[in-house]
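The values are calculated or read from the model by the stated rules, or taken from the named source; none is laboratory data. This one's a predicted model, so the numbers in the text were calculated from it and none came from an experiment. Here the Cβ is made from the backbone with ideal geometry for all residues, glycine too, and neighbour counts use every protein chain on show.
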Amino acid sequence: MTRLADRTGRTTRRLTGVLTAVLCLGLEIAALCAVVSAFRVDPSGPWDDAGLLAVELSSFTGGLIATLSGLVRAVPIAMGRMRAGWFVPPAVLLLVAILRFFWVDVSYPL
C-alpha cells in the first residue's frame, strides 16, 4: 500500500509541476506580448491621446500579468521545489513594463 501511495504522490507532484510550468509560460508569453506592444506603439506627440493611452494600457497590462506570473511561482519556490532564480523572468518583464510606462509619462508631459 505504501508503494502505491508513493507512486500516486510522485505522479501528483509531477502533474502539478507540469501544470504550473504551463501556466507560468502562458502568463509570461502574454506579458511579453503586452510589453512588446507597448514598445511598438509610438505616439505622434503629446496631443496623441490614443497612442499614449495604448502605451500606458499595454505597459500596465504587461506589468499586471508579470506580477501574476510571479505570484504563481511563489508557492513552488516557497516549498523548495523551484529555485529563487525562477523569479527573474517575471521581474524583468515587470521592470521593463514599469520603465516604459514612466518613460512615456516623462517624454510626453501634459
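Numbers below:
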| read-out | value |
| --- | --- |
| Residue within the stretch 7-19 that is surrounded by 14 or more Cβ atoms within 10 Å (Cβ to Cβ) and hydrophobic (A, V, I, L, M, F, W, C) present | no |
| Ala34 modelled with pLDDT of 95 or more, of a type in the set (A, V, I, L, M) and more than 12 Å from Pro90 (Cα to Cα) | yes |
| Filtered residue count, the stretch 29-73, keeping only those that are in a helix (DSSP H, G or I) and among the charged types (D, E, K, R) | 4 |
| Residue in the stretch 78-96 that is assigned to a helix (DSSP H, G or I) and touching a Phe, Trp or Tyr at 6+ places or on another chain (Cβ under 8 Å) present | no |
| Yes/no for Leu52 being closer than 20 Å to Ala21 by Cβ, surrounded by 15 or more Cβ atoms within 10 Å (Cβ to Cβ) and out of contact with any strand residue (DSSP E or B) (no Cβ under 8 Å at 6 or more places or on another chain) | no |
| Scope the stretch 83-110; condition surrounded by fewer than 15 Cβ atoms within 10 Å (Cβ to Cβ) and over 30 Å from Gly17 (Cβ atoms); matching residues | Leu99, Phe102, Trp103, Asp105, Val106, Ser107, Pro109, Leu110 |
| The one condition in (1) touching a residue at least 24 places away in the same chain (Cβ under 8 Å); (2) outside any helix (DSSP H, G or I); (3) not small (Gly, Ala, Ser) that Thr20 fails to fulfil | (2) |
| Contacts under 6 angstrom Cβ, first residue in the stretch 25-42 being of a type outside the set (A, V, I, L, M, F, W, C), partner part of a helix (DSSP H, G or I), 6 or more apart | Glu28/Ser69; Glu28/Pro89; Ser37/Ser58 |
